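Structure, as structure tokens:
The values are calculated or read from the model by the stated rules, or taken from the named source; none is laboratory data. Predicted, not measured: the structure shown is a model, and the values here were computed from it. Methodologically, a virtual Cβ is constructed for each residue, glycine included, from the backbone with ideal geometry; neighbour enumeration extends over all protein chains shown. Protein only, heavy atoms only, side chains kept; ligands, DNA and RNA dropped before computing areas. Shrake-Rupley method; radii C 1.70, N 1.55, O 1.52, S 1.80 Å.
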Amino acid sequence: MNAPGFVRPRGSTLFAATVAVLLVGGAGSIGLALLRGAADETRRAEGRATAAALGLTDVALFGEARYTRHPSQADLASAFQDGPAVLDHFPAGSLVRPPHDFGRGSFTTEEPIR
Amino acid sequence: MSTLVERERHLLDFAVASLARRPTKNLGLTLVYALVVFLLGSVMLFGSAVRREAAAILADAPEIVAQNMVMGRHELATGADLDALKGLRGVRRVEPRLWGYLWDSAGAANYTLMVPSPTDGAHAVAAGESIVGEAVARARKLTVGKPFFLVSPTGKFLRTRVKAVLSDASALVSADLVLVDEASFRTFFGLPADRWTDFALTITNPREVSTVSEKASVKLPGYRFVTRADIHRTNEALFSWREGLALALFASSLLAFVILAFDKASGLSAEERREIGILKAIGWETSDVLRMKLWEGVVISLTAFLLGLLAAWVHVSAFSAGLFEPVLKGWSTLYPQFALSPRIDALEIATLALMTVVPYTAATVVPIWKTAVTDPDTVMR
């Protein structure tokens, strides 16, 4: 039972208000990120200088295997280092793609042309 | 015009009231919908933010890295090969590098041990000193001046004192680094004097990188030459959408959600069917019923999409996608603490909308249309 004098808002008004609140929240978050932009640039420049001085090549997100720690530096067979055609057993292997020029060859049962 | 707007507004009012009559069901659906958007949105925002961050930090990566290869495996580079590369036209400088991996059983983590370049004054380390990455310092509770001991696979001991901890700014690429001096590195790993991990080449004219790389590979056919473009391509491919885990996450959650939405719509309750029947009996056109149901879909979709996207944004920008940490970490112990700044990309948002709103609409509109076109008498019976 509503209190006397209370006018229940229309459904469309409620919906518009909800969307407005979410949009304002989104705009606020983006605004905060933009305000942080200058600090981000400084941080990136510092990181870039360190990486250049040390000659770093890859992100240090997955340190479990050398081909996940340095995917750009790992040799082409390193994902199969435990044996030919051995399936990858590191969890990060499902996130890191093999080198881009890996796997051009294919298995065939046909006789090679001589 | 205003009549048209007012008409749609009334339909929207009716749709909201209709949703409010089944609060638990519709709220649950909206939350699950928002969760799907949050999950997919987080993966998208996180992937693109990490790729952008890596590209920015690694913009000045070595122009060419030359690795010796034997039987498809990485082999140490030799002094003779160093001289061969030095004599190559177009190569300004060849920097022999020393770096390798060490499994530290005390910290149960893999470190990347490295000798900083002699030209790098900022990271110069003397014998008995070390500079450690942010995650190493955190995992081993190291601060400047504290002793840091390492044990080699052959049992050799390396005693160092922490000279500095690398800043958080480069944590994304340097978290697991341990920098030591050359003599200590060679003694620790038992490396002879004229052996290095690889060579970093600086090219006189950056536009000649591929030409120099080709010439170098003719001179040293056993070597693999990784250019800066290769490095960037590999990093660009990180978390690519085609990848296993992310894709499985996408596919399974999306499929579950589509099934849920389809089930919800095709299993229109007797009450809902009766409602549609009454509306048609009192003069609503099929198109009115469809429009009202479409508004219901818009209310659920838009609310869930905005809610999920906002939550994904906060998750990535404020918490560096902390929920993904266990997945990304895998078996590794060290995980960098780094700041991420996602960017609003219209194409990404459109893709996300396409992947979530379209399956939902497709799964709900057909069963509703089927009910709406049925004779009111049949529907109400």
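A few notes on this one:
- For B:Glu75, residues with placed amide H under 5 Å, excluding near neighbours: B:Asn68, B:Met69, B:Val70
- Viscosity 1.306 mPa s, temperature 10 °C, Stokes-Einstein D of the protein assembly as shown from Kirkwood C-alpha radius, µm²/s: 60
- For the range B:64-74, the Karplus equation 6.51 cos²θ - 1.76 cosθ + 1.60, evaluated at θ = phi - 60°, returns couplings of 9, 10, 9, 10, 7, 10, 10, 6, x, 10, 5 Hz by residue, with Gly and Pro reported as x.
- Average other protein chain Cβ within 10 Å of Cβ, residues A:10-20: 6
- Angle of helix B:209-219 to the longest C-alpha principal axis of chain B, folded into 0 to 90 degrees and rounded to 10: 50°.
- Inter-chain Cβ neighbour average for residues B:45-57, partner chain, 10 Å: 3
- Between the range A:57-76 and the range B:136-203, the alpha-carbon center distance in angstrom: 17
- For residues of A:37-46, the mean tally of beta carbons on other chains within 10 Å: 4
- Sequence-ordered 3J(HN,Hα) estimates for the range B:140-157 from the Karplus curve with 6.51, -1.76 and 1.60 and θ = phi - 60° stand at 9, 6, 9, 9, 4, x, 7, x, 9, 9, 10, 10, 7, x, 8, x, 6, 9 Hz, glycine and proline given as x.
- The convex hull of the Cα atoms of the range B:1-140, projected and averaged over all directions, covers 20.4 nm².
- In the range B:64-85, the residues that give up 50 Å² or more of accessible area when the other protein chains are added, compared with the chain on its own (1.4 Å probe), are B:Arg73.
- Accessible surface buried once B binds A (1.4 Å probe; total of both sides; Å²): 6000
- Surface share of carbon and sulfur [accessible, 1.4 angstrom probe, percent] for the range B:63-227: 56
- Close amide H partners of B:Arg93, meaning residues 5 or more places away or on another chain with modelled amide H under 5 Å apart, are B:Thr202.
- When the charge dipole of chain B is built from unit charges on Cβ atoms (+1 for Lys and Arg, -1 for Asp and Glu) and taken about the Cα centre, the candidate among B:Pro116, B:Ile259, B:Ala55 whose Cα reaches farthest toward its positive end is B:Pro116.
- Looking at the range B:266-332, the pairs of alpha carbons with a distance over 18 Å make up 62% of the total.
- Dmax and Rg, reported as Rg then Dmax, of the range B:141-207 (C-alpha, Å): 15.5, 47
- For the range B:2-16, a drop of 10 Å² or more in accessible area on going from the chain alone to the assembled protein chains (1.4 Å probe) is found at B:Glu6, B:Arg9, B:Leu12, B:Asp13, B:Val16.
- Computed over the alpha-carbon pairs of chain B, the distance histogram in 20 Å steps reads 22, 38, 22, 15, 3 percent, short to long.
- Here the Karplus curve 6.51 cos²θ - 1.76 cosθ + 1.60, taken at θ = phi - 60°, turns the phi angles of the range B:160-175 into couplings of 10, 10, 5, 8, 7, 10, 4, 5, 4, 4, 9, 3, 4, 10, 10, 4 Hz, with x standing for Gly and Pro.
- Compared with the dominant principal axis of the Cα atoms in chain B, helix B:2-20 is inclined by about 80°.
- Per-residue ellipticity at 222 nm from helix content only, as computed over chain B with -39500 (n - 2.57) for each DSSP H run of at least four residues, stands at -17500 deg cm²/dmol.
- The residues of the range B:63-227 present an accessible area of 46 Å² per residue when probed at 1.4 Å with all protein chains retained.
- Residue order for B:Glu236, B:Glu134 - accessible surface, 1.4 angstrom probe, largest first: B:Glu236, B:Glu134
- The range B:63-227 shape via C-alpha gyration tensor axes, a/c threshold 1.5: prolate
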